[in-house]
1. Using only the Cα atoms of region 249-343, what are the Rg and Dmax in Å?
2. Note down the net charge around Lys64, summing +1 for each Lys or Arg and -1 for each Asp or Glu among other residues with Cβ under 14 Å from its Cβ.
3. So who's got an amide H within less than 5 Å of the one on Asn265, skipping anything under 5 residues away but keeping other chains? H placed 1.01 Å off N, in plane.
4. Run the numbers on region 249-343 and let me know its relative contact order in percent, using alpha-carbon pairs under 8 Å that are six or more apart.
5. For Gly569, enumerate residues with amide H under 5 Å from its amide H, sequence gap 5+ or separate chain, H modeled in the peptide plane.
6. Which net charge results when you count Lys and Arg as +1 and Asp and Glu as -1 among the other residues whose beta-carbon is under 10 Å from that of Asp79?
7. Can you give the FRET efficiency to the nearest 0.05 for Ser226 and Trp26, using r as the Cβ-Cβ distance and R₀ = 56 Å?
8. For region 319-370 and region 40-72, what is the separation of their C-alpha centers, rounded to whole Å?
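No lab work stands behind these numbers, since they all come straight from the coordinates. These numbers come from a predicted model, not from an experiment. Every residue, glycine among them, receives a Cβ derived from its backbone with ideal geometry; neighbour counts consider all protein chains shown.
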Amino acid sequence: MRIGIAAKLNLLVICMVAMLGFFLSWFFIRHETTSLISEYDKRVEAISRNFAYNCEYGILVGDKDGLRRLIAGVKNEEDIIYVSVKDKSGRILVQWSAGPDAAGGNTREFIKSVISKTVRHEPGEYVDVFEEQPEIEEIVGSVRLGFTLSARDRQIRQVRSVVMLFVSFATVLSTILAYGVIRIFIGHTLVPLVDGIKKFAAGDLRHRVVMKGSDELAELGALFNSMAENLSATLVSREFVVNIIDSMMNCLIVVNGQGVIMMVNNAVCDLLGYKKSELDGKTADVIFDKAVINECPAGKKSGVNCETVFVTRSGKRIPMLFSSSVMADEKGTARGVVCAAQDISERKRAENALRIYNEQLKRSNQNLEDFAYIASHDLQEPLRKVKAFSDFIKTKYESVLDEKGLDYISRMQSATGRMQALIDSLLTYSRVATKAQPFALVDLNVTLQGVITDLEMRIRDTGGRVDAGQLPSLEADHVQMQQLFQNLIGNALKFHRKDVPPVVKIYNQPVGADEGYCRIVVEDNGIGFEEKYAEKIFAIFQRLHGREEYEGTGVGLAICRKIMDRHYGSIVARSVPGEGTKFIFTLPLKQKKGEKAYAAGDEKINNNSDGG
């Protein structure tokens, strides 16, 4: 972690002030504590000595009442907790105690001997009172006083608190003042100098440092300005070069030998939606495949010319005409790669539109040929006659036919019905392109509700339900959107598990960064299928189950795929056997003639679809 000079100076000042504050606290606390203890000792010593002196007469004459009065006088002192007076033999004459709770902490005891002084003379000897006579000291008793130290200790604690508070306040104030002084010093000297060097290193040769004061740092700033003046007279500024590069219409990217972006121009930022600061130092594969750079032969001037894809910040893929060349120093050593690119989206759209038109025309012709071959008038008319005559025979001759004959008639009618359904499905399939309606704004919520109403009886018969979420509005063929939902919901109701009511969920799923498309999911809890058949089920006449298990012609999902193709969309299936199936279709919100919904990456859209 990098620590600036201002922080270092602040830490130094804080340490010094803290050490000084600790020393001052220790000195004042020690001095004041010693003074309090000395004063206390002197006071209690004087009390004990005076009390012993006053008790001399009472002990000599045995005046206990007088001694009690003396005790009553001395016990008024707030820190005395017990007093006792003894005679010469050690017998207690009087005593008093404030009780066991009066001490409140540490105590101190003083024992003083009571001394009686008398004049020494022989019996019958004349004594001159005006002359100094020799005295005899005699111990006639003793006094014992107990003092509590709680008051003294409380004073000591108060003194310590006051000293600590004062020293702490002084320490904080000193630290703030020192911080302010350091900030002013750094702001007026070092900060302008460092900022000037950074700007000069970034290529701003016109920048000059403004320094205050006349110390060594100010002299250093003057030397920097002189150096910058000399260099700006001989070099082209970075700003001039950057202005030229940023004025280019084509994209320009410079990368080093490790594929890290060193510089981009404004055209790159405008096209991809990045800021320059967001790309500096990032690897080139954020924008495009680094493989195209790796094709540049090291140490040579030549590079590559190819088509590639740039990826915008939102994830959109843009086709680009790409060229690169090696950037070498005066010794010929490769220092990086200069890449230039041009947006060819319009050209690609035109090529894609032409390709799609040719594919659509080819498919349409093939479909028309297939339909003309299978569902011509010659096939429909005999089929209607077979059905009519079989109905006539069964109605008129039912009474004369045996059971086997009636079975033959029923089989013929069933086969005729299946053939008619197959022809009708083929007609529907071909009409997706031949009888299509113009695109218009369609509210898929209204369309879906209409389909649910049409399938109400089937839903009721299976005991199922359809849960519809909020769907968008888009430009589409209303009839074909209705047919799409009817086929997918009908399949979900038909292929449900035994004894499990079908539940169909229809909801909108976010596409991601591409806001021009919507993705709709039709999810069921049916029998499901193995995903290896996920593409097969969209082929015409393809069935995964026999007619004995589930009815149908095998054309419904092929119609769904054809509707998606007509709307420049895509549809995929995801399924798990025994759990259910998801049909996921992606459509453009607005139809652009000649542009498929997955032209910019159908594989990406399909691969990102939710499985199930």
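1. For region 249-343, the Cα-based Rg and Dmax read 12.6, 41 Å.
2. Charge balance in the 14 Å sphere: +1.
3. Counting only residues 5 or more places away or on other chains, the set is Leu252.
4. After rounding, I find 29 percent.
5. Ala597
6. Details: positive: Arg43, Arg108, Arg152; negative: Glu77, Glu78.
Net local charge, Asp79 excluded: +1.
7. Details: r = 54 Å, r/R0 = 0.96.
After rounding, the FRET efficiency stands at 0.55.
8. Centre-to-centre distance over Cα atoms comes out at 119 Å.
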